[in-house]
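See below for the structure under consideration.
The values are calculated or read from the model by the stated rules, or taken from the named source; none is laboratory data. What you see is a predicted model; the values in this text were computed from it and never measured. Backbone-built Cβ (ideal geometry, glycine too); neighbour counts: all protein chains shown.
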């Protein structure tokens, strides 16, 4: 059901990323997303970074529509529909989170749910610089152990967050890995976990228009991300050439990853 909500709080999380909070009654689970609309802009799929009655979305400035969202002030109105999609299962006892950049937004409420269920959470977070690392303090406040990797070495490990993930997987037992970020990053994570038999679940982003599995815009191999995901087990993603191979723009044209030298070290 489409509805209109007013922004009750705005937080500038990083130089490029802002959280918008709003009161919204429909129940939601960590990992789900909503379709968000503002007048004069396209409708955008946004993962929920807060899932209680005071919900939230955390938006990174990427293009015109996301940039417009990050500029909205308290009192501005948003159109919503959803929540849609599946969610993370908070029951594993020992969970490793691997978040690349703004991908940490969907992992934070999942970590809080896991901690509330009595689980242990370790988070490996990646950012281009120390200023762009998202929700480290929030995860620490939830009782998670946090490790950080940055492109420029300004905080934590200088390099890829997948290096931290591989190090942690080699040193400690985990019951599950949850990941969100660039697909190249997530494929590296699932490959690092495979020899150890640790199940991996990835939150995948795709172009979305209907969010109902009808328009085929978010097709990923045999799946629709909006209805079969956005949280997928590694076993479903590993065989797909498209996963970390290419995405599609709004017209359906294939978009291939940038060369390794151009990619962010979040992956």
Can you name every residue in the stretch 208-247 that is modelled with pLDDT under 95, under 24 Å from residue 37 (Cβ atoms) and touching a strand residue (DSSP E or B) at 6+ places or on another chain (Cβ under 6 Å)? 208, 211, 213, 218, 247
Residues of the stretch 148-186 being under 23 Å from residue 93 (Cβ atoms), surrounded by fewer than 20 Cβ atoms within 10 Å (Cβ to Cβ) and in contact with a helix residue (DSSP H, G or I) (Cβ under 7 Å, 6 or more places away or on another chain), in sequence order, are 166
Would it be correct to say that residue 30 is assigned to a loop (DSSP other than H, G, I, E, B), under 26 Å from residue 90 (Cα atoms) and in contact (Cβ under 8 Å) with a residue 12 or more places away in the chain? yes
Residues in the stretch 52-68: is at least one part of a strand (DSSP E or B) and surrounded by fewer than 16 Cβ atoms within 10 Å (Cβ to Cβ)? yes
Qualifying residues in the stretch 112-138 (those that are in a helix (DSSP H, G or I) and either in contact with a helix residue (DSSP H, G or I) (Cβ under 6 Å, 6 or more places away or on another chain) or in contact (Cβ under 8 Å) with a residue 60 or more places away in the chain (or both)) - the one surrounded by the fewest Cβ atoms within 10 Å (Cβ to Cβ): 131
Residues in the stretch 1-25 that are buried (at least 19 other Cβ atoms within 10 Å of the Cβ), in contact with a helix residue (DSSP H, G or I) (Cβ under 7 Å, 6 or more places away or on another chain) and more than 14 Å from residue 72 (Cα to Cα) total 1
